[in-house]
1. Name the aspartates and glutamates eligible as straight-distance cross-link partners of residue 148: C-alpha to C-alpha under 20 Å, and not fewer than 8 places from it in the same chain.
2. Can you tell me which of 140-148, 90-98 comes out highest on packing, and rank the rest after it, using the mean Cβ neighbours within 10 Å?
3. If R₀ is 41 angstrom, what is the calculated FRET efficiency for the pair residue 66 and residue 44, using the beta carbon separation as r and rounding to 0.05?
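Just so it is clear, none of the values below were taken in a lab; they were calculated from the coordinates. What you see is a predicted model; the values in this text were computed from it and never measured. We place every Cβ from the backbone using ideal geometry, glycine too, and count neighbours over all the protein chains shown.
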Amino acid sequence: MNSKRRTMLKGTLAASAVGVAASAGLLAPRAVLAAWPKSAFKAKGVDASLTALYGSGKATDAKNIKIKAPDIAENGAVVPVTISSTIANAESISIFVAKNPQPLTSSYALGSGTQAYVGTRIKMGKTSDVVAVIKAGGKLYTAKKEVKVTIGGCGG
């Protein structure tokens, strides 16, 4: 019985110590706090976000980028989106919602040799194009799909 109590006390003290160290700033998750493209997320408009994120607002339309998203989203707060592509040597995938106040919803850096595939949920303020941009070989490729929002947006 005493050994269980001692184990619980040790665990509680260890958790408390970690909590105090984290709140004092002594333990900072450096990977989570890594540099992120703040200007790209704050930009108004897809072209401005693309320029802030990749240095260029020009992207080539690509037929081999697939956007899986509902034609009509019943709730704009959680719209499931899947981006996949067969473009060789994809370096990153970014998702934009053209009519959102800040169109860049997410950007993913891909490791070499990985498959160009991302699945996530995004927030849409109203009916808009979902735009996927893939960077591969120093070039930008894009595809888009219109998603109608019925609830949680501005009326669709």
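1. Result set, ordered by chain and number: 71, 74, 129.
2. Order by mean packing, descending: 90-98, 140-148.
3. Step by step, r from the Cβ atoms, then E = 0.90.
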